[in-house]
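Here the structure is laid out as C-alpha cells; the discussion comes afterwards.
The values are calculated or read from the model by the stated rules, or taken from the named source; none is laboratory data. Nothing here was measured: the structure is a model prediction, and the numbers come from that model. Neighbour counts run over all protein chains shown; Cβ positions are idealised from the backbone, glycine included.
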Amino acid sequence: MTGHDLDDMAELLGDPDVMAFYPAPKSREQARAWITWNQENYERHGYGLWVIETHDAEFVGDCGLSWQDVNGEPRLEVGYHVRVALQGQGLATEAAGACRDFARRNTTADQLVAIIHPENRASRRVAEKIGMRHIEDDHGGALVRTVMGMEL
C-alpha cells in the first residue's frame, strides 16, 4: 500500500456500506493516515494490510495483519475490507487465508484473531472459513466486539 493507492483506499474506506460496522466512514485524510499506519507497520513488523487486486489489476480492497489491543493484550489480527461490488465472491476469504498462512510462516505469534462487530455476519463467515472460532468478546473499547481466533 502506497500513496498511489490513496484514491482507491479513500473510496473504499469512505464507503458507508463497507464501513457499516465502524463508527463512521473515513475521510480522505483518514484514508491517507491509514496508508501511513500500514507503511509504519511494514517498517516495524515486516507486514501490515496490503492492497488486494484481481489478476487484471482491478482494485478489490485491503487485507493483512496488524497488532491490536484485545482486552489489554496485544494480539495479531487479520483484517479485511472489500469493495461492495466484489463482496460475496470469496475474495476476502482467499486473502485472509493467505494472510493466515503468512502469519504462520513469518511471525512469532502463537494466535491469530479477527475482531468483528457482533452483527457483521459476512466478516464472521470469512473468519470461520479460514479456521477461526469465537474465543471471547472484547470489552476494552466503546463497542463490544466479537473476537474470533485460532492457534497458529
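Looking at Glu58 and the list (1) closer than 22 Å to Glu94 by Cβ; (2) touching a strand residue (DSSP E or B) at 6+ places or on another chain (Cβ under 9 Å), which single condition is not satisfied?
So Glu58 meets the others, but not (2).
Would you check if Gly14 is free of Cβ contacts under 8 Å to residues at least 24 places away in the same chain and in contact with a Ser or Thr (Cβ under 8 Å, 6 or more places away or on another chain)?
Taking the combined requirement at face value, the residue satisfies it.
How many of the residues making up segment 66-92 are without any contact (Cβ under 8 Å) to a residue 40 or more places away in the chain and over 22 Å from Tyr42 (Cα atoms)?
7
Only one of (1) under 23 Å from Ala109 (Cα atoms); (2) surrounded by fewer than 16 Cβ atoms within 10 Å (Cβ to Cβ) is not met by Asp17, so which one is it?
Only one criterion is unmet by Asp17, namely (1).
Grab the strands (runs of 3 or more DSSP E) fully contained in segment 102-152, keeping just those with 2 or more residues being at pLDDT 95 or above, within 17 Å of the chain's Cα centre (by Cα) and aliphatic (A, V, I, L, M).
Of the strands (runs of 3 or more DSSP E) lying wholly inside segment 102-152, those with at least 2 residues that are at pLDDT 95 or above, within 17 Å of the chain's Cα centre (by Cα) and aliphatic (A, V, I, L, M) span 111-116.
Is there a residue in segment 22-33 that is closer than 21 Å to His117 by Cβ, of a type outside the set (Ser, Thr, Tyr) and touching a strand residue (DSSP E or B) at 6+ places or on another chain (Cβ under 8 Å)?
no
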